[in-house]
2 protein chains.
Amino acid sequence: MPLSTADRSVLEPAIRRLSALRPLSAEARSSLEYSMLEGLQRAGSGEDLITEGDRVDGVRILLSGWLGRYKTLDDGRRQIVNFVFPGESCDAHAYLLSEMDHSIVALTPVVYAEIKRTRFESLLANNPTLSEAFWCETLLNNAIQREWAINLGRRVALERVAHLFCEIFERLRPVGLVDGHSCLMPVTQMDLADATGLSVVHLNRTLQELRAAKLIVLRERTLTIPDLDALKNAALYSPSYLGIYRATEAVR
Amino acid sequence: MPLSTADRSVLEPAIRRLSALRPLSAEARSSLEYSMLEGLQRAGSGEDLITEGDRVDGVRILLSGWLGRYKTLDDGRRQIVNFVFPGESCDAHAYLLSEMDHSIVALTPVVYAEIKRTRFESLLANNPTLSEAFWCETLLNNAIQREWAINLGRRVALERVAHLFCEIFERLRPVGLVDGHSCLMPVTQMDLADATGLSVVHLNRTLQELRAAKLIVLRERTLTIPDLDALKNAALYSPSYLGIYRATEAVR
DNA sequence: CGTACACTTGAGAAATTTCAAATATAGTGG
DNA sequence: CCACTATATTTGAAATTTCTCAAGTGTACG
């Protein structure tokens, strides 16, 4: 469903994030803003934005809420293979491949901008700097996906959940969604379980362990990390995969 | 160490694979060949081609042997997050990010072509079709990486190893490295364990299970899959993530 | 021939899952 | 606003998977 009344401030996360990846010219920025404002959309929690096997015909840029990229096995097992946070896009360039290899679901109510393929392509053709920013995003995604592999393959439950929380913090920070030591945690424990490859029951117990160790406070849909370094320590966190964000952090 | 005598046939896997991703113009093909022939290199088994934290300054295209992309945790745990097979490139465009987020090791003796950044960039600039092929490769890598996430997060040991073998088959096929029902399996069980997130001991037992079920034959560094569909079944394999290869398969 | 490395086996320990049920919490219609 | 219902979180206990440790057997290579 299209949004009618929209002021430009809803676009802020997208602009902020792309600028963090590559400095955008004023011109690139304004034509992007124009294209986004034309395609504002909402989706409700639980709604699939796109399903494995679909063909893609454009790009969506998330403006608020959380999305989950997921894959399922025939017997229903589900793995969230990545989150999409405000400012991040999904499917940029995906039309270069034949079809979607995964699905994307709204884990919360979301607002996003949809830009059709032809529009998007001309936007990139006219703004090399923008094109580079989107490609950078693809590369960054790749790096994040690799980190998820070691997270799922080699970290034990506690480290794994701790690591996810660290990553969420670092990815929300550049778009201004970390407030002091806290951020919103709007998803269910089931979602977190599917993202960490754990059962809900064990995820729940792991959260309690993290709470008992005073590494996190999690209540009323808010995650607080009193001491991020301590949590990173528990997670065996290594920062190199989000390297491109580091400049951003310094600027804060 | 540079290779001296080199005939053009060593380049075949690379040309074959890129052509599978995007049809290459004769011109693109020959300038790529020329650039590759100039930068032929070898590395011995166990040698790191590049290490996490390094800056990248070019692209390498693997011509023979297997590479492993891996990450490690401080206490030594290692996860191979992906393999690189002949014809695949590593680090294409990686110089757009600040530094390597992972390391790449030669799991066998390898031959590869190295193209320096400036050379590579002008190659892409002059051959849009080539540029698209390389970007396609990046997107495909992304899809593979997502599949690894569900493999590590949601498949049990037997399914996981079975799935890895199916994937290896499907990725080796387009470059002509599958011979009937067999392909080379030149890596150690330790490497396979690190790729599937299992301990060596458990990987070994899982292989025995697969053998007992007649799903694989594995001896003398050769993997035979008598009935690929049966193995895919056991792996809960879903083909959508290697979709772009499907045209290739049909052509065979 | 020896030494290092790769593979295999056994057995107990640990992590994680499953099943089942109890308690919260949130959303909905009256 | 409340009662009702569905969903989300939490708890207990047993079953299962996977890991660790330790040792034995092969195999390749100098």
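The values are calculated or read from the model by the stated rules, or taken from the named source; none is laboratory data. Quick caveat, the model's predicted, so the values are computed rather than measured. Please note: Cβ atoms are built from the backbone with ideal geometry, for glycine as well, and neighbour counts cover all protein chains shown. Quick note on the areas: whole protein, heavy atoms, side chains included, nothing else; ligands and nucleic acids left out. Shrake-Rupley method; radii C 1.70, N 1.55, O 1.52, S 1.80 Å.
Taking the criterion of being on the phi < 0 side of the Ramachandran plot, surrounded by fewer than 18 Cβ atoms within 10 Å (Cβ to Cβ) and touching a strand residue (DSSP E or B) at 6+ places or on another chain (Cβ under 7 Å), would at least one residue in region A:182-189 satisfy it?
Yes, some residue in region A:182-189 is on the phi < 0 side of the Ramachandran plot, surrounded by fewer than 18 Cβ atoms within 10 Å (Cβ to Cβ) and touching a strand residue (DSSP E or B) at 6+ places or on another chain (Cβ under 7 Å).
From the list B:Leu40, B:Leu21, which one is away from chain A (no Cβ under 14 Å), among the aliphatic types (A, V, I, L, M) and away from DNA strand D (no atom under 16 Å from the Cβ)?
Just a single option satisfies the conditions, and that option is B:Leu40.
For A:Glu132, state whether it is within 10 Å of chain B (Cβ to nearest Cβ) and in contact with a helix residue (DSSP H, G or I) (Cβ under 6 Å, 6 or more places away or on another chain).
Spelling it out, it is not the case that A:Glu132 is within 10 Å of chain B (Cβ to nearest Cβ) and in contact with a helix residue (DSSP H, G or I) (Cβ under 6 Å, 6 or more places away or on another chain).
Name the single residue, out of those in region A:218-234 being more than 17 Å from A:Ala157 (Cα to Cα) and away from DNA strand C (no atom under 14 Å from the Cβ), that is surrounded by the most Cβ atoms within 10 Å (Cβ to Cβ).
Selected residue: A:Ile225.
For region A:109-134, which positions are open to solvent by 10 Å² or more (accessible area, probe 1.4 Å) and within 18 Å of A:Glu47 (Cα to Cα)?
Of everything in region A:109-134, those that are open to solvent by 10 Å² or more (accessible area, probe 1.4 Å) and within 18 Å of A:Glu47 (Cα to Cα) turn out to be A:Pro109, A:Val111, A:Tyr112, A:Glu114.
Could you check, for region A:84-98, whether at least one of its residues is touching a Gly at 6+ places or on another chain (Cβ under 7 Å), among the aliphatic types (A, V, I, L, M), farther than 20 Å from A:Glu33 by Cα and at pLDDT 95 or above?
Within region A:84-98 (the criterion being touching a Gly at 6+ places or on another chain (Cβ under 7 Å), among the aliphatic types (A, V, I, L, M), farther than 20 Å from A:Glu33 by Cα and at pLDDT 95 or above), the answer is no, since none of the residues qualifies.
Cβ-Cβ under 7 Å, sequence separation 6+ or interchain: first residue in region A:198-223 and without any contact (Cβ under 8 Å) to a residue 60 or more places away in the chain and away from every other protein chain (no Cβ under 14 Å), partner part of a helix (DSSP H, G or I) and within 11 Å of DNA strand C (Cβ to nearest atom). Which pairs?
Partner pairs satisfying both residue conditions: A:Thr206/A:Ala157; A:Thr206/A:Leu158; A:Thr206/A:Val161; A:Leu207/A:Val161; A:Glu209/A:Leu158; A:Leu210/A:Leu158; A:Leu210/A:Val161.
So, in region B:152-170, of the ones that are charged (D, E, K, R) and touching a Gly at 6+ places or on another chain (Cβ under 8 Å), which residue ends up surrounded by the fewest Cβ atoms within 10 Å (Cβ to Cβ)?
If we take residues in region B:152-170 being charged (D, E, K, R) and touching a Gly at 6+ places or on another chain (Cβ under 8 Å), then B:Arg154 is surrounded by the fewest Cβ atoms within 10 Å (Cβ to Cβ).
Going residue by residue through region A:242-250, is there one that turns out to be of a type in the set (A, V, I, L, M, F, W, C) and within 13 Å of DNA strand D (Cβ to nearest atom)?
no
Would you be able to say whether some residue in region A:43-52 is hydroxyl-bearing (Ser, Thr, Tyr), away from chain B (no Cβ under 13 Å) and more than 25 Å from B:Leu97 (Cβ to Cβ)?
yes
Sort out which residues of region B:90-105 are surrounded by fewer than 24 Cβ atoms within 10 Å (Cβ to Cβ) and assigned to a strand (DSSP E or B), and write them in order of number.
B:Cys90, B:Ser103, B:Val105 - these are the residues of region B:90-105 that are surrounded by fewer than 24 Cβ atoms within 10 Å (Cβ to Cβ) and assigned to a strand (DSSP E or B).
Which helices (runs of 4 or more DSSP H) sit wholly inside region B:173-252 and have at least 1 residues that are at pLDDT below 95?
It comes to B:246-251.
Surrounded by fewer than 15 Cβ atoms within 10 Å (Cβ to Cβ) and in the same structural domain as B:Ser89 (by TED's automatic domain parsing), is that true of B:Glu52?
no
Identify all residues within region A:140-169 that are small (Gly, Ala, Ser) and either in contact with a Pro (Cβ under 7 Å, 6 or more places away or on another chain) or within 7 Å of another protein chain (Cβ to nearest Cβ) (or both); write none if there are none.
Listed by number, the residues that qualify are A:Ala143, A:Ala149, A:Gly153.
I'd like to verify a number: residues in region A:184-235 that are near DNA strand D (Cβ under 10 Å from one of its atoms) and under 19 Å from the mean Cα position of the chain (by Cα), how many?
Here the count works out to 10.
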